[in-house]
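Asker: Starting off with a structure, shown below.
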Amino acid sequence: MSERYCVIGNPVAHSKSPEIHAAFALQTGQDMLYERCLAPLDQFDATVRALVAAGHKGANVTVPFKLQAADLADRLTERARAAGAVNTFLFNSSGGIIGDNTDGAGLVNDITRNAGLDLEGKRVLLLGAGGAARGVVVPLLAALPAELTIANRTVATAEALVERFFAQLAQDQRLAACAFEDIAGTYDVVINATSASLAGDLPPVPGSAFGAGTLALDMMYGKAPSPFMVFASEHGARQRDGLGMLVEQAAEAFLLWRGARPETAAILDRLRLGV
């Protein structure tokens, strides 16, 4: 019988994760079944425990449950502990729940491998300070940008992330927080980690943040460019959605579960044709 996995979220019907993991399994010869799981907003813990009881081997976690997933896990990997957020569960044979976070690795791999941009020495702006943002700060800093600025509607939340990750800074790196209205200057990379695109909204980022050489990456993806991507493009930036990040973080999760890391380029190209 195929070992079972799923992605848990609300909403989750749009998720391409089942298609991605089916392709990974075919490529690597793994016998597994991967499905979508819609968790009621007030029953996330119960949903996860039911999956464990039913014999599932692991799960991905998407919005809005990543922070709650970190609280539910019996044990956290180092990168999940650093982020305080979980996007991947591994269920062990005794029913224990291990929480990991592959978002940051997926984001950095997509920017450096797929978009071809070396982050070292760059000026990076991260929009948002929720679970999606928390999961990527440490891997972004490890890629050695000169500066990482976290902008958020509530400045105190962004400042808390700066305090949380300050010890991760390399020599001469700068990690800062600001309100959206205080974003200053042009950035090499602007990453939208807010939930604005889910609602079809534009985060309040000024056009001056983008330049001709800017990579504007939205963590969300869809059939049409998000308002953030359209706005960035109108101000000269190169736009990129979150599909590559999704594929790369999925590859990291697949490696955790199955012990094999699939090749992602062909799968990402295939998905691009179908988006």
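The values are calculated or read from the model by the stated rules, or taken from the named source; none is laboratory data. It should be emphasised that the depicted structure is a prediction, and the values quoted were computed from it without experimental measurement. Cβ placement follows ideal geometry from the backbone for every residue including glycine, while neighbour counts extend to all protein chains displayed. Keep in mind that these areas ignore ligands, DNA and RNA; they rest on the heavy atoms of the full protein, side chains included. Shrake-Rupley method; radii C 1.70, N 1.55, O 1.52, S 1.80 Å.
Asker: What per residue convex hull volume, in Å³, comes out for the chain when only alpha-carbon positions are used? Mind dumping the intermediate values first?
Answerer: Details: hull volume 33.5 nm³, N = 275.
Per residue, the Cα convex hull of the chain comes to 122 Å³.
Asker: Also: Probe of 1.4 angstrom, ligands and nucleic acids ignored: what's the accessible area per residue over region 68-157, in square angstrom?
Answerer: Working: 3140 Å² over 90 residues.
Each residue of region 68-157 exposes 35 Å² on average to a 1.4 Å probe.
Asker: Okay, next question. Using a 4.7 Å Cβ cut-off, which Cys residues in the chain lack a partner cysteine?
Answerer: 178 - these cysteines have no disulfide-compatible partner (Cβ-Cβ under 4.7 Å) in the chain.
Asker: Exposed loop sites here are GluC sites (Glu not before Pro) in DSSP loop states with at most 15 other C-beta atoms within 10 Å. What is the longest stretch of the chain lacking them? Walk me through the intermediate numbers first.
Answerer: Details: sites that count: 120, 263.
Between exposed loop sites, the widest span is 121-262.
Asker: Restricting to Cα pairs below 8 Å that are 6+ residues apart, what does the relative contact order work out to for region 1-156? Please round to a whole percent. Each step should come with its number before you reach the end.
Answerer: Values: 266 pairs, mean separation 28.5, N = 156.
Across region 1-156, relative contact order equals 18 percent.
Asker: Which percent, to the nearest 5, of DSSP beta bridges fully inside region 73-156 are antiparallel?
Answerer: Taking every DSSP beta bridge with both residues in region 73-156, the antiparallel ones total about 35 percent.
Asker: Within the chain, what whole-number % of the accessible surface is contributed by carbon and sulfur, with the 1.4 Å probe and all protein chains included in the calculation? Numbers along the way, then the final one.
Answerer: Numbers: 5990 of 11810 Å².
The nonpolar share, carbon plus sulfur, comes to 51 percent.
Asker: For an R0 of 41 angstrom, estimate the FRET efficiency from the Cβ-Cβ distance between residue 53 and residue 168 and round to the nearest 0.05.
Answerer: On the way: r = 37 Å, r/R0 = 0.91.
Once rounded, the FRET efficiency stands at 0.65.
Asker: Where in the chain are the helices, taken as whole DSSP H runs, whose Cα atoms extend 18 angstrom or more along the long axis and whose Kyte-Doolittle mean reaches at least 0.0?
Answerer: Working: long enough: 243-258 (22 Å, 0.82).
The answer, listed by residue number, is 243-258.
Asker: Let me ask something additional. For the chain, how many pairs of lysine residues have a Cα-Cα distance under 25 Å, where the two are 8 or more positions apart or belong to different chains? Could the numbers behind the result be given before it?
Answerer: Values: 16/57; 16/66; 16/223; 57/66; 66/223.
Close lysine pairs under the 25 Å cut-off: 5.
Asker: Region 86-186: Rg/Rh from Cα coordinates, Kirkwood Rh?
Answerer: Numbers: Rg = 14.9 Å, Rh = 14.5 Å.
So for region 86-186, dividing Rg by the Kirkwood Rh gives 1.03.
Asker: Could you work out the longest stretch of the chain that avoids the trypsin sites (Lys or Arg not before Pro) located in DSSP loops with at most 15 other Cβ atoms within 10 Å?
Answerer: Values: sites that count: 153, 223.
The answer is 1-152.
Asker: Along its three principal axes, how long is region 3-155 when you only count alpha carbons? Whole Å, largest extent first please.
Answerer: Principal axes ranked by extent give 47, 38, 29 Å for the Cα atoms.
Asker: Starting from the amide H of residue 34, placed 1.01 Å from N in the peptide plane, find each other amide H under 5 Å away whose residue is 5 or more places distant or on another chain.
Answerer: Here 5 satisfy the definition.
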